[in-house]
Structures are given as structure tokens and as C-alpha cells.
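The values are calculated or read from the model by the stated rules, or taken from the named source; none is laboratory data. Just so it is clear, the structure is predicted and the values come from calculations on it, not from any experiment. Cβ coordinates were reconstructed from backbone atoms using ideal geometry, including for glycine residues, and neighbour counts include every protein chain displayed.
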Amino acid sequence: MTIQILGTAAAEGWPAVFCGCKTCERAREAGGKNIRTRQSVQIDKIFKIDLPPDTHYHQFKFGLKLSELKHLFITHSHEDHLALNELHYLRPPFAHNLSNAPVKIYGNRAVIGAVNSLLSKADLPLETIVLTPFEPVHADHLIFVPVPGCHVPNETCFTYVVQSAGSTVLFAWDTGLYPEESLGYLCGLCFDAVIVECTQGTLDMPPTYHMGFEGVRTFRDTLAKSGAVNPKTRFVLTHFSHNIGLLHDEFSEIAKAENMEIAWDGMIIDVPSTRYL
């Protein structure tokens, strides 16, 4: 399973669109890994998790061929994870020669309701699938299991366990500490990699709807007690708010002490291998 983390920022991006704070100014000056677009990942060319408003930028920045996209999994309906208007451009005259039409789009009822509303007004090459918590979806050579997180009270935000023939990876953002049923499920697995949000950084905030570094450590330690993770499991942090005040290298030094990694836009992870491509 080859994973490319396309974006690593929370909803506002980093530097944030209209922000002149010290942290955003430092990021603008430093550039490189400090420039963060909205969260999304690509897996094995034909799979994608989330459709942020930075998708157009991602496709040419990282050399993606989204005409080959086959399976699109959405975490929840917030616009930094589902830029609904982008789906209009799947059809002619905006797009031609899609390799895997119709593209299958998976999500909770709010996500699929929004997409179906588009489909009622336009002929788009899409097939929609409403997900059921903990019910595996077999998509080509991968299995996706939607695991409810804790993000907003009126919508189930899905995180995803993704399994191939030889590896298991958790993709978890826009969630605080997991509800009991979800945590119990995760503790029964064995992960090669965990890609988890750390929106709050080292800020002293409760891990209710997002996690910070302390919340991530608590989560990791709970998984470790059950044997779901071990010292060889890669723990990669992502989905950062500019309010954390730490640039990439600064946060990396803190994370390194806990054997964790700080993701950057474009980071490629080959699982279960521990090398960068």
C-alpha cells in the first residue's frame, strides 16, 4: 500500500487564507514543509480520502492523474473535506476520458445526501454508497472499514481502517478521542501505520472534537496496551491548525521524543516498509 499525504492542514490552510499572525508569517517566510494545504490522501493511484478545495493544486503539484480515480471516500460533509462544487467537473466538457467511470463515492448520509442532490440536477459519472459503521467495503485490492470518530454532534464523522493483503493502516482526522465502541474495535486490530490528526498541537485544549499532542499520546498508549500498535508501528501526525504556533521542524523535534513523525504535504509512505520513496 503506497500512501501520499497530499494536504496536512486544518480548514483554514497554513498560512491561513486571510491571516497575518506571527506563525503564518513565519511559515510564508520559511516555505517548504511549512506550507500546508487542506487534508487529503491518495492511496495506490485509484483511491482517495477526502476532496478538499485544494484538489486542483494537488493534482499538478504532485503529478496525480485523477482521471484514474476509482474510489473516493469522504470523512464528513465539512467543506474542507468535501468541496462539493469540484464534482461538477467530472463531466464533459470539463473532463474527458475517465479511466474508471463511474467514480464510486462513499460516505455518511449527510455526504451522500449532498452528492445525490447534485446528481438530481446534473448527469455526473458518480455512483454513491452510504456507509454503515464498522461494515467493511471491498474496493478492488483494499478493504475500507468506516470507524466513527467524535467530531460534531449532528453528523457521524468516519475515520478509516484500510487493509491490504499485508498491511493495516488507520486514517484518522477530524476526531477527538474515540467513543468507546470505536476504540474497542481499533484495539482489536494490529496496525502497521497510524496517520492521525493533531489539530491542536501542544495547546492545552480538551480532545473533544479534535486532538492535540497529549490526546494523541493517550490514544497511542491505549492502542499499545491492547497490542494494536507496537514500537515498529509508524505514528504520523497530520491535520494541523496554524494556531499551534510551531513550524514543521519545531514540532518534529517534540514528536521525535515520542517516536512520532510530523507529516508534510506530499509525504509518501510505503506500508509496511519503513522507508520513504
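Just a few scattered comments:
- Any chance ASP221 is among the acidic types (Asp, Glu), modelled with pLDDT of 95 or more, over 14 Å from VAL196 (Cα atoms) and part of a helix (DSSP H, G or I): no
- Residues of region 6-42 satisfying the condition of being under 19 Å from GLN200 (Cβ atoms), crowded, with 22+ Cβ neighbours inside 10 Å and aliphatic (A, V, I, L, M): ALA9, ALA10, ALA27
- Taken over region 71-100, the residue count meeting the criterion of being out of contact with any Ser or Thr (no Cβ under 9 Å at 6 or more places or on another chain), assigned to a loop (DSSP other than H, G, I, E, B) and not charged (D, E, K, R) is 6.
- Members of region 121-139 that are modelled with pLDDT of 95 or more and closer than 21 Å to ASN97 by Cα: LEU124, PRO125, LEU126, GLU127, THR128
- Region 142-153, subset modelled with pLDDT under 95 and not hydrophobic (A, V, I, L, M, F, W, C), residue farthest from the chain's Cα centre (by Cα): PRO153
- Residues that are buried (at least 21 other Cβ atoms within 10 Å of the Cβ) and either charged (D, E, K, R) or in a loop (DSSP other than H, G, I, E, B) (or both), drawn from region 43-70: LYS48, ASP50, PRO52, ASP54, LEU69
- Pairing residues of region 79-108 that are closer than 12 Å to LYS48 by Cβ and in contact (Cβ under 8 Å) with a residue 24 or more places away in the chain with residues that are acidic (Asp, Glu) and in a helix (DSSP H, G or I), at Cβ distances under 7 Å and at least 6 apart in sequence or on separate chains, gives ASN100/GLU68.
- Filter result for GLU253 (free of Cβ contacts under 8 Å to residues at least 40 places away in the same chain, farther than 24 Å from PRO136 by Cβ and surrounded by fewer than 21 Cβ atoms within 10 Å (Cβ to Cβ)): yes
- Any hit, region 132-151, residues being assigned to a strand (DSSP E or B) and surrounded by fewer than 17 Cβ atoms within 10 Å (Cβ to Cβ): yes
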